[in-house]
Amino acid sequence: MAGGGFVGGGGGRSYEGGVTVFVVFTCLAAAMGGLLFGYDLGISGGVTSMESFLSKFFPSVYHKMKNESGGQNQYCKFDSQLLTLFTSCLYIAALVASFFASSVTRKFGRKISMFVAGLVFLIGSVLNGVANNIVLLIIGRLLLGIGVGFANQSVPVYLAEMAPTKIRGALNMGFQMAITIGILVAGLVNFGTAKIKGGYGWRISLALAAVPSLMMTLAAVFLPDTPNSILERGHPEKAKKMLQKIRGTDNVDEEFQDLLNATEVANRVENQWINITQPRYRPQLIICFLVPFFQQLTGINVIMFYAPVLFMTLGFGNEASLMSSVITGGVNVVATLVSIFTVDKFGRRILFLQGGVQMIICQIAVGVMIGKEFGVSGEGSFSKGEANWILFFVCAYVAAFAWSWGPLGWLVPSEICPLEIRSAGQAINVSVNMLFTFLIGQVFLTMLCHLKFGLFFFFAGFVVIMTIFITFFLPETKNVPIEEMNRVWKAHWFWGKYIPDEAVTHGRQDRAV
C-alpha cells in the first residue's frame, strides 16, 4: 500500500499556445498582492522590538525588556498577550474576510477582489502610521487583515487560471516571491527607521505599507480578468478572446472547450460550501485544510514576524537582531527563486519532502543549542561563535521552507480544485492559514516562556508528521491542466475510491462529441 502512495505526476495533455509576454506581465503584476502579506509579516516583528514603539503602546513590556538586573529569564521577557494581539489580530480579520472574498471573487471576478485588497490595506496602513493610541492601532491592523484576506483569496487563483500549464508552478510562485520580497524590504526598512532620532521611526515603518497597497490597487485596475472568471459570469466570446490573447494563438478550441465544460458543471452548483463536502471532493477538501494547517505548524511565522524579538531573546543586541532578520529575509528571497526554477522541472513532492527533512534537522539543532546554553532557567548568553551558528541554522531552516512549504502551500491548493469548488477551496485554504497564523502568533511568546527550548522540538515534531503525510497522500500535480486534475486523484492509491469514473471521463466524452 505504501508503494501506491508514490503516484507519478505530470504528463497531462498539452494545449496550443506558448508563454506570452502578456501573460507573464499580468501574472507578475497580480503577484504583487503578495507584497501586502510579506511587508506586514516583516514589519510587525521589527516595530515590536523598537523601544519607542514599546514605550508608547506596551510600557509593561518595555520595562521588562529594559530590566538589566541579574537572573532575568530570557525566555519570558517579551511575554505579553496585548503585544501578540497587535501582531495576530490581523489574521483573524483576514480569516473572516476570506469568506466574503470567496463570494466576491466568484460573482464579480478575481481582479475586483484584488482591487478591494489594495484599497482596504491602504486605509489600514495610513491609520497605523498616524495612530496615537492602541485602539486606533488595532483598527488599522484589522483593516490590513481584510486586505490580506482578499489578496490571499484572489491572487493565487488568478495566477493558477492565467498561467500556461507547463509553467503554472513558476508563475504561481510569483505570489510567494512577492511575499519574501515584502519581508526583506520590511526588514531593511526597520533596520533604517530604528536609527531615526526622535522615536518616530516605527510610524514610517507602518505607514510605508501604503506603497505595496498602492501598487496592488493600481495593478488591479489595469489587469484583465481570467478566462475562467469571464466564463463564470456568462461571457463566452469575451472569455475566448482573452484566452487567445494570453496563449498567443487563435487555436485554443481544446482548452476553451475544457473551460466551458468546467463552467457548465460549476454553474449547476448552487452552493460551493455544500458541494465541497461531497465525497467526490474529499481529496481537495482535506488537502485545502491540511496543507495550510501544516504550513503554519512548521513554525515559520514565529521566525518571520518575531525574528527581531527572537534574536533579542537569544542575546543579540537591538541592531544586531534587526540585521539578523534582514539576513534571514534575504535567504528567504534567494531560496524562493530556487523553487521557482525547479518546481515545474522536478515537481511539488520532491520539494515538499526535501524541505521537510532540512527543516527538521535545523529545528532540532537550534533547540539543542538553546537548551544547552539557557537550560530551563532561561539564564545565559551566546558567544559570538554560537550566535553565528544559531543564525546559520535559522537561515538554513528559512531556506528549506522558502523552496518547499512556503510557495507550495499556496500553489497546491490553488491548482487542485475544479472550478465548481475553486473559490470555496481557496477560502478554506486562506481561512485555515490565517486562523493558525493567528493562534500561533498569539501564543508564541507565551509558549516560548513555558516550553522554552522545547518549542523548537514541538514544531519539529509537526514537520515530521507533515512530511509523512506528503509522502503518502499528495500525488504529483506538475504539468497537469487544472481542469484535468481529477485523473490524478483517481490514480492515487487512497483518494481514487472517492473519485467517480464520470469525473475523469466526462471531459473526454464532451470533446469527442
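The values are calculated or read from the model by the stated rules, or taken from the named source; none is laboratory data. As the structure is a computational prediction, the values presented were derived from the model and not from experiment. Glycine also receives a Cβ, built like all others from the backbone with ideal geometry; neighbour counts cover every protein chain displayed. Areas reflect the complete protein model, heavy atoms only, side chains present, ligands, DNA and RNA absent. Shrake-Rupley method; radii C 1.70, N 1.55, O 1.52, S 1.80 Å.
Any idea what angle helix 236-247 forms with the longest principal axis of the chain, computed on alpha-carbon atoms, 0 to 90 degrees, nearest 10?
Roughly 60 degrees, rounded to the nearest 10.
Please list 3J(HN,Hα) in residue order for the range 25-32, calculated via the Karplus relation 6.51 cos²θ - 1.76 cosθ + 1.60 where θ = phi - 60°; whole Hz, with x for glycine and proline.
4, 5, 5, 5, 5, 5, 4, 4
If you put +1 on each Lys and Arg Cβ and -1 on each Asp and Glu Cβ, how big is the dipole of the chain around its Cα centre, in Debye rounded to 20?
It comes to approximately 360 debye.
Let me test this: with uniform point scatterers at the alpha carbons of the chain, what is the Debye-based log₁₀ I(q)/I(0) at q = 0.06, 0.09, 0.11 1/Å?
-0.27, -0.60, -0.88
Can you find, among 292, 324, 82, the residue farthest towards the positive end of the dipole of the chain? Put +1 on the C-beta of Lys and Arg, -1 on that of Asp and Glu.
Result: 82.
Pop out the ³J(HN,Hα) list for the range 197-206 in order, Karplus 6.51 cos²θ - 1.76 cosθ + 1.60 with θ = phi - 60°, rounded to Hz; leave Gly and Pro as x.
6, x, x, 10, x, 4, 5, 5, 4, 6
Of 63, 492, which has the most accessible area and how do the rest follow, probe 1.4 Å?
Greatest to least solvent exposure: 63, 492.
Enumerate cysteines in the chain without a disulfide-compatible partner, where compatibility requires another Cys Cβ under 4.7 angstrom.
27, 89, 288, 362, 395, 417
Ranked from highest to lowest mean number of other Cβ atoms within 10 Å per residue, what is the order of the peptides 38-44, 458-464, 203-209?
So the peptides 38-44, 458-464, 203-209, ranked by packing, come out 38-44, 203-209, 458-464.
Once you place label points 7 Å from the Cα toward the Cβ at residue 376 and residue 82, how far apart are they in nm?
Roughly 3.2 nm, to one decimal.
For the range 428-494 and the range 361-385, what is the separation of their Cα centres, given in Å?
26 Å
Angle check, please: helix 501-512 long axis (alpha carbons) against the longest principal axis of the chain (alpha carbons), in degrees 0 to 90, nearest 10.
So the inclination is approximately 50 degrees.
Measuring from label point to label point, each 7 Å out along Cα→Cβ, what is the residue 130 to residue 346 span in nm?
It is 5.0 nm.
Given the rule -39500 (n - 2.57) for each run of at least 4 DSSP H residues, summed and divided by the residues of the chain, what is its mean residue ellipticity at 222 nm, to the nearest 500 deg cm²/dmol?
Roughly -25000 deg cm²/dmol at 222 nm, from the helical runs in the chain.
As an exercise, use a Förster radius of 25 Å and the Cβ-Cβ distance of residue 471 and residue 338 to find the FRET efficiency, rounded to the nearest 0.05. Please report the intermediate quantities before stating the final value.
Details: r = 21 Å, r/R0 = 0.86.
My answer for the efficiency is 0.70.
Restricting attention to the range 362-450, which GluC sites (Glu not before Pro) occupy a DSSP loop and are surrounded by at most 14 other Cβ atoms within 10 Å?
379
Measure off 7 Å from each Cα along the Cα-to-Cβ vector at residue 361 and residue 251, then give the distance between these two points in nanometres to one decimal.
The answer from the label model is 4.8 nm.
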